[in-house]
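Note sheet for the following structure.
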Amino acid sequence: MNRLQSKLGLELPLLQAGMGGIAGPELCAAVSRAGAGGALALHKEPPDRVRDLVSQVTAATSRPFGVNVIPEVTGPAACRAQIRAALQRLPRNGFVTSFGLPDAEAAREVVRAGHVLVIQVGTVRDADEALQRGAGVLVVQGTEAGGHLLGELPAARLLHDVRTRHPDTVLVVAGGVATGADLAGALKRGAHGAMAGTLFIPTSESTAHPDYKQRVVEATSHDTVVTTVFDIGWPARRHRVLRNVLTEEAERRPTTFIATTMVGARNVPVPRYSASVPASGTVGRVEEMAMYCGCSCSRVRGRDMAGSVVERFRREFEAARRFRVRTTKGVSWTRRSNR
Ligand SMILES: Cc1cc2nc3c(=O)[nH]c(=O)nc-3n(C[C@H](O)[C@H](O)[C@H](O)COP(=O)(O)O)c2cc1C
């Protein structure tokens, strides 16, 4: 058991990324039940609904899981309100994951309540700041990642830079991880674990739209692009998505409504260039919407249950580690010496 596993109580050093519109209670609980760290995306949910969603996960699993916030999207006051609501229902073994830096007060409340604060960063400077604010685990996100990007370095490079500066910190890599072999590689480079988002988009428990799931399964990394076009609702942050007509055109089309989607119990219109993902309750021109997707899609397979995905990941990880142990024990040396 490594330091990430013992800190968060995980069988497998794998975290599922919080994903707004995709990672609800079902996905979060299924991933946690399988021995990895599930995460419930709080996205823009109001405090009442946060309490309800967290309760749904606690009813479905007693394993550790996280709640995920995006301070940059909600703003500091709403983020604090989400965290306070979540902390009222979060079991003792629960943790909080933040996409980017939470404000100092929100961070203090998590730590004071005795939960591990997991902060995802994309630069060395933000890694320093996250540790100042009390992060117990740092997630270093590389530019291979799907969704919004916190920095400009590939995962291996950022991991190296942060590891050099913070040799004793528990580090998790995000971006480019979809198999147990990818995780074994990350551990070899100095990480304690990995966070994966794209891997879980096509699972049965994910609430992504069926067409989106299918496109992720069929895609390779060449079908993804880093862009800024889906900026309504989340401006000024680059994001990696599947290419579509909007990412490939030089001219911007009119910002008219192209779909409707469910937000809680309400059906709301979606403008073209919205940052919202196509979810199971979305109807309309789904193919024009933001289908966030990481380079790891090249290694994402069919549309399975999340538990099977984690189980396969675990087998691949164990096989990759067995292979590494064999080679480090000098199989090639033995062969040479036998000659
Ligand atoms: C569809 C999608 C939605 C995402 N939404 C969130 C989110 O709500 N909160 C968050 O912390 N990160 C979010 N991310 C980013 C992840 O935290 C993580 O950096 C990324 O999934 C890692 O790369 P991968 O998708 O290639 O595994 C999202 C990623 C994807 C693919």
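Since every read-out is calculated from the coordinates, none of them should be taken as a lab result. These numbers come from a predicted model, not from an experiment. Neighbour counts are summed over all protein chains in view; Cβ atoms, including those assigned to glycine, are modelled from backbone coordinates with ideal geometry.
Principal axis analysis of the Cα atoms in the chain yields extents of 72, 46, 37 Å, listed in decreasing size. Each part reduced to its alpha carbon centroid, segment 209-255 and segment 58-126 end up 28 Å apart.
Counting only DSSP beta bridges with both residues in the chain, the antiparallel share comes to about 35 percent. Highest mean packing comes first when the peptides 125-138, 23-36, 291-304 are listed by Cβ atoms within 10 Å, giving 23-36, 291-304, 125-138.
Restricting attention to the chain, lysine pairs at least eight places apart or on different chains and with alpha-carbon atoms under 28 angstrom apart total 4. The H on the amide N of residue 224, modeled in the peptide plane, is under 5 Å from the matching H of 243, each at least 5 residues off or on a different chain. Computed packing ranks the peptides 249-262, 197-210 as 197-210, 249-262, most packed first, by mean other Cβ atoms within 10 Å.
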